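I have placed the structure first, in the form of structure tokens, so that the comments after it can refer back to it.
The values are calculated or read from the model by the stated rules, or taken from the named source; none is laboratory data. Bear in mind the structure is a predicted one, so any value in this text is a computation, not a measurement. FYI the Cβ positions are ideal-geometry reconstructions off the backbone, even for glycines, and counts take in every protein chain you see.
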Amino acid sequence: MEGPLLCIRGLAIHASAQAGMTEVLRGIDLDLRRGSILGLVGESGSGKSTLGLAAMGYTRDGLHISSGSILFDGVDLVRMSEPERRSIRGVRIAYVAQSAAASFNPARRLFDQSIEVAVEGGHSRRREAVRQLIELYSRLHLPNASALGMRYPHHVSGGQLQRAMTAMAMVARPDLIVFDEPTTALDVTTQIEVLSAIRNVVEASHAAAIFISHDLALVAQMADRIMVLRRGRVVEEADTRQMLRAPREDYTRSIWAANGFRAAPKPAAEPGAVPLLRVTGVSAWYGRAQVLRDATIEVHAGRTLAVVGESGSGKSTLANVIAGLLSPGAGTLEFAGSRLAAGFRRRTREQLCRIQLVAQSSDSALNPRQRVRDSIGRPLAFYHGLKGAARERRMRQLLAELELDPDQYAGRFPGELSGGQKQRVCIARALAAEPALVICDEVTSGLDQIVAQDTLKLLDRLQRERDLAYVFITHDLAIVRAIADDVVVMQGGSIVRKGSRDEVFAPPFDPYTALLLSSVPEMDPDWLDRVLERRRGAH
Amino acid sequence: MSRPFVLLKSAPLSARFGLIVVAGYGVVAVLAPVLAPYGETQIVGLEFADWSAQHWLGTDDLGRDVLSRLLYGARNTIGIAMLTTVIASVVGGVAGLVAGSMRGWVDQVLARVVDVLMAVPSLILTLLMLAIFGTSIFSMIMIIALIESTRIFRLARALALGIGLFDYVTTARLRGEGLLWIIFREILPNASAPLIAEFGLRFSFVFLFIATLSFLGLGIQPPTADWGSMVRDNATLLSYGQMAPLLPAGAIALLTVAVNFIVDWLVHHSSGLQE
């Protein structure tokens, strides 16, 4: 029996900051054989991406390998010179990044950049590399494989681009491929295709792979073994089935349980009650393209309406229409019984104050040059005229309500906060206005599972305390199940299904809802095979 | 206020050199009357006297002390360049930020006016306007400030357009904030680094431009000492193997290089590139 392809022993990686050395990884041992896939699981900051990159002998700026060895095919990557390492990367070890859209050069055709490493490294001739790339494209079920490479990255969809990136990684026939969250940016329905494509190609090429994800259900589909990381250390490592059946460590069990949150059901809105927000027959266009068709929804005080759909379904457009960022071409809006102007500039200050938006990306939602104190303090001063000590007191109270220690966080800049903390500050800023309706646009999509669950619990508690109404824009059905009272399913700009949570999740399903529901990964290693088999049978 | 100090400590050698040179020029400009051995326009000896103990750098075509005029020249040239750059930055910066954050017809009108101004070569435009308004220092400052402000307008507008897309600006707009808050609290703090770098760069261009105009006889008028006209007045000396006219030229070159070292550093620092 041949030895492992990759053998890491006692690996430690440190970050050298001004404040001194911080440990990013410590005491990592890892073995990986050809033909097998190792799953790396952990929350953000656990070091899983750092470990994935270290398997290529690479560290990000500011990090360095302080001890240990990384034997790749018997050679130690740590002791190798940089030019030697470079000759291995991309050719014998390849990397597939989280965002293919950001990793491709937008100014060059897919072919040119995909075969660059193989051709420049002198490993294959141009014609040979192109032929192989086309073959990979068709194995990855990319449409029109022979012509696809002539396109530019912005000409193809996100799911196709992610597969094209996998093809780029495979073109030099690497022995080891590192997949870093390869499907996180994709819709659930696209995700399935990409996952099965990756698995088939890795199997066929007899390579080894490392699959990094924060989503345990995904890793369960892909990996033979799973390694759970936390704060730079291995918590647990075991065979996939064994780990799913009987996790040994408490922390592992807590990740397993992270999907379990369900908000307690609320009593239905009284019949005949005036809804807080009523959107009637709204259609909207971007230029000539219609992005929203005849949408009608109602949101009642104290309840959560989840708007669910894939990218391009019009769910964010609906949020923008409600917020007043996009003026609809047809239809009317009503808020608390009175008419709501289409554009936010023509709304009253009272209306602006009562409808707050929490944006998807907490990175860009906070001004990097404003301290937390000022970000939350501004709406307090602006809407409620609070000044000085009164403003400070209310600001601290809000931070405390969002489970952030005011002493520690009030003086920080956004750059000094984690993703989950930033999102909390955004929520605190929205609550500072004392709104009646909060539009949450994919608020948890940038957060890892445990933090996302905490945020959902927090939102649920705040809703009950303040009788808030939420419009929850999301692509994630697990979130809908967890927090929604009423659900609207959107596809291609139209509402295809709506009702209470129980109604929407109960058969009979329309075809689109059925597709969405069946695409949500389950914590069962055979789930992907079953879904693929069922879909193949259906065709 | 420890941040600027920390920033300074991490400055690379080139930037430190630039800062020292600029600081030196500043001291000379302020203290010129104290440092200069003779008056700015005082005739102290024969024309084109050689370097000596009385006149370290000799005398010029009218018998004035070259060292004294060099020191006074720093005051005039740098002072006027600084004033011009400040005016250009304020006018161009504010107009650009307003255009970029309001968009719509305000942006269209401002941007098209700037396009027209930028379409004419700046030296020709300046000569034309100086011919109309006369060659006073005031009109020179205003004309150069107007021309340079178009460049700053372009940058400020692009920055405001880019930053305006961030969710925190959208959030502020949705809150109902006025234009002043959006520009000065949300956009400007995040655009300040590239704008400061642009300020330094514009300063060198203005400086060179004034020297060019002075060399052509259209800038700072005699008998006021300035480096551009000092080069022109003493240029004949070059044919006799004298290097006196090169000294003001060298002073211009050194300051330009020093300012650009600082600008480079600020640009690197603000964009997070490796030095």
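Structure above, values below:
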read-out	value
Residue that is farthest from the other protein chains (Cβ to nearest Cβ), among those in the range B:202-226 that are buried (at least 21 other Cβ atoms within 10 Å of the Cβ) and at pLDDT below 85	B:Ala225
Residue identified as without any contact (Cβ under 8 Å) to a residue 60 or more places away in the chain and touching a strand residue (DSSP E or B) at 6+ places or on another chain (Cβ under 7 Å) among A:Thr304, A:Thr348, A:Thr332	A:Thr332
Single residue of A:Leu352, A:Leu326, A:Leu357 found to be surrounded by 21 or more Cβ atoms within 10 Å (Cβ to Cβ), within 13 Å of chain B (Cβ to nearest Cβ) and in a strand (DSSP E or B)	A:Leu357
Looking only at the range A:411-439, and only at residues there that are part of a loop (DSSP other than H, G, I, E, B) and in contact (Cβ under 8 Å) with a residue 60 or more places away in the chain, the one that is surrounded by the fewest Cβ atoms within 10 Å (Cβ to Cβ)	A:Ser418
Subset tally (residues that are within 30 Å of A:Phe413 (Cα to Cα) and either more than 8 Å from chain B (Cβ to nearest Cβ) or at pLDDT below 90 (or both)) for the range A:329-349	1
Flag if A:Asp215 is modelled with pLDDT under 85, charged (D, E, K, R) and within 18 Å of A:Ser44 (Cα to Cα)	yes
Residue match in the range A:228-239 (condition: under 30 Å from A:Ala164 (Cβ atoms) and part of a strand (DSSP E or B))	yes
Among the residues listed as A:Ala100, A:Ala169, the single one being in the same structural domain as A:Gly47 (by TED's automatic domain parsing), closer than 26 Å to A:Leu528 by Cα, out of contact with any helix residue (DSSP H, G or I) (no Cβ under 8 Å at 6 or more places or on another chain) and surrounded by 22 or more Cβ atoms within 10 Å (Cβ to Cβ)	A:Ala169
Residue in the range A:379-401 that is surrounded by the most Cβ atoms within 10 Å (Cβ to Cβ), counting only those that are under 30 Å from A:Arg278 (Cβ atoms) and not aromatic (Phe, Trp, Tyr)	A:Pro379
Scan of the range A:441-458 for residues that are among the hydrophobic types (A, V, I, L, M, F, W, C) and touching a helix residue (DSSP H, G or I) at 6+ places or on another chain (Cβ under 7 Å), ordered by number	A:Val443, A:Leu447, A:Ile450, A:Val451, A:Leu456
Given (1) free of Cβ contacts under 8 Å to residues at least 40 places away in the same chain; (2) within 14 Å of chain B (Cβ to nearest Cβ), index of the condition A:Ala389 fails	(2)
First in the range A:310-326 and more than 14 Å from A:Tyr286 (Cβ to Cβ) and in the same structural domain as A:Pro435 (by TED's automatic domain parsing), second anywhere and of a type in the set (D, E, K, R) and crowded, with 22+ Cβ neighbours inside 10 Å, Cβ under 7 Å, 6 or more apart	A:Ala319/A:Asp441
So A:Leu398, is it more than 19 Å from B:Pro189 (Cβ to Cβ), facing another protein chain (nearest Cβ under 9 Å) and not in a loop (DSSP other than H, G, I, E, B)	no
Answer from A:Gln453, A:Gln449, A:Gln423 - the residue that is among the polar types (S, T, N, Q) and within 14 Å of chain B (Cβ to nearest Cβ)	A:Gln423
Hits in the range A:259-302 (condition: among the aliphatic types (A, V, I, L, M), surrounded by fewer than 19 Cβ atoms within 10 Å (Cβ to Cβ) and not in a loop (DSSP other than H, G, I, E, B))	A:Ala289
Failed item, numbered, when A:Val194 is tested on (1) over 18 Å from the mean Cα position of the chain (by Cα); (2) under 20 Å from A:Val531 (Cβ atoms)	(1)
So A:Leu516, is it in contact (Cβ under 8 Å) with a residue 12 or more places away in the chain and closer than 30 Å to A:Leu380 by Cβ	no
Test for A:Gly337: is it touching a Gly at 6+ places or on another chain (Cβ under 6 Å) and within 25 Å of A:Val279 (Cβ to Cβ)	no
Hits in the range A:145-186 - residues which are aliphatic (A, V, I, L, M), farther than 17 Å from A:Val117 by Cβ and free of Cβ contacts under 8 Å to residues at least 60 places away in the same chain	A:Ala145, A:Ala147, A:Leu148, A:Met150, A:Val156, A:Leu186
Cβ-Cβ under 8 Å pairs, at least 6 apart or on other chains, the range A:360-376 side more than 9 Å from chain B (Cβ to nearest Cβ), far side β-branched (Val, Ile, Thr)	A:Val372/A:Val425; A:Ile376/A:Val425
Residue ranges of helices (runs of 4 or more DSSP H) in the range B:120-230 with at least 2 members under 29 Å from A:Gly385 (Cα atoms)	B:137-163, B:167-175, B:188-215
Wholly enclosed helices (runs of 4 or more DSSP H) of the range A:59-170 bearing at least 2 residues at pLDDT 85 or above	A:82-88, A:110-114, A:126-139, A:158-170
Members of the range B:160-201 that are surrounded by fewer than 21 Cβ atoms within 10 Å (Cβ to Cβ), of a type in the set (S, T, N, Q) and either away from chain A (no Cβ under 13 Å) or in contact with a Lys or Arg (Cβ under 9 Å, 6 or more places away or on another chain) (or both)	B:Asn190, B:Ser192
Lone qualifier among A:Asp485, A:Asp526, A:Asp467 - being within 30 Å of A:Leu402 (Cα to Cα) and surrounded by fewer than 16 Cβ atoms within 10 Å (Cβ to Cβ)	A:Asp467
Given (1) farther than 27 Å from A:Ile495 by Cβ; (2) part of a helix (DSSP H, G or I); (3) under 30 Å from the mean Cα position of the chain (by Cα); (4) within 11 Å of chain B (Cβ to nearest Cβ), number of the condition A:Tyr383 does not satisfy	(3)
Condition met for A:Ala432 (at pLDDT 90 or above, among the aliphatic types (A, V, I, L, M), assigned by TED's automatic domain parsing to the domain that holds A:Ile473 and more than 25 Å from the chain's Cα centre (by Cα))	yes
Wholly enclosed helices (runs of 4 or more DSSP H) of the range A:483-539 bearing at least 1 residues of a type in the set (Phe, Trp, Tyr)	A:511-519, A:527-538
Residues (surrounded by fewer than 17 Cβ atoms within 10 Å (Cβ to Cβ) and part of a helix (DSSP H, G or I)) located in the range B:40-95	B:Gly79, B:Met82, B:Leu83, B:Val86, B:Val90
A:Val234 being touching a helix residue (DSSP H, G or I) at 6+ places or on another chain (Cβ under 9 Å) and in contact (Cβ under 8 Å) with a residue 24 or more places away in the chain	no
